[in-house]
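Comments concern the structure below.
Taken together, the values in this text are just the output of simple stated rules run on the coordinates, not laboratory data. All values reported here derive from a predicted model rather than from experimental measurement. FYI the Cβ positions are ideal-geometry reconstructions off the backbone, even for glycines, and counts take in every protein chain you see.
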Amino acid sequence: MNFNESVTKTNLARSFAAECQAGARYQFMSKMALQNQMQFISDTMKTLAKNEMAHAKIFYDYILEKSEGGVRNIPIEAGFPFECPDLETSLLEEARTELAEANNIYPAFARIAKDEGFADIAKSFEMVANVETTHHKILDYLGNLYKSHKLYKRDKETEWKCSSCGFVSIAKDCFRTCPLCKLPQGYVIIDLEKELRE
């Protein structure tokens, strides 16, 4: 199929716009976290923003490559979330958005790309969907911990490590201020990979 006549071209443009907006929202959330002295959440959001912008670049590059030099304008119609009243709500709302992308939007775009003969684009949509599944898990986990005031409390002993000086404590509750460098609790690293596996 001719790329410029394909639904895949429009889906790439929609995906590019969505990923750019997610990257921007995550940067806004990073600033919100900093205002709440939550350096760990801020750093996590910066990483997710970087991921989203990398996805946007992948979709952008496909448009340039497949259209053989670019397209002056691709009209798109799509809904994009604009909910950011506070950090807790934002984390949980973004978790839902990521899940919709992972389970519905990108798999559907992959099927269309495959049907239109763009196997490489289909594979990229599938791989991005897998990353969005991980983003959903991270955001949902952090959002629920934050909501229940358990971001720095666990039912079992956990390793709490200061991201600044490296001080480590093993306890159910995290120290409020690092005993070594005196930075606030928000600088403590949470081992998300380990906790999400358990």
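Between the Cα long axis of helix 7-35 and the first principal axis of the chain there is an angle of about 20°, rounded to the nearest 10. Near S169, once Lys and Arg are set to +1 and Asp and Glu to -1 for all other residues with Cβ below 10 Å from its Cβ, the sum equals -2. Taking 0.36 nm per residue of separation and subtracting the current Cα-Cα distance, fully stretching the chain between Q35 and K50 would add 3.4 nm.
Modelled spin-label separation between K156 and K194, with each label point placed 7 Å from Cα along the Cα-to-Cβ direction: 1.1 nm. With angles folded into 0 to 90 degrees, how steeply does helix 106-115 sit against the dominant principal axis of the chain? Use alpha carbons for both and round to 10. Roughly 20 degrees between the two axes. Protection proxy ranking for 42-49, 100-107, using the average of other Cβ atoms within 10 Å per residue and placing the highest first: 42-49, 100-107.
When each of R111, R72, R25 is scored by the number of other beta-carbon atoms lying within 10 Å, the sequence from fewest to most is R72, R111, R25.
Name the residues of segment 1-37 whose amide N is less than 14 Å from a point 7 angstrom out from the Cα of E68 along the C-beta direction? 1-5, by backbone N distance to the label point. Counting other Cβ atoms within 10 Å as a rough exposure proxy, the listed residues F82, F125, F118 run F82, F118, F125 from fewest neighbours to most.
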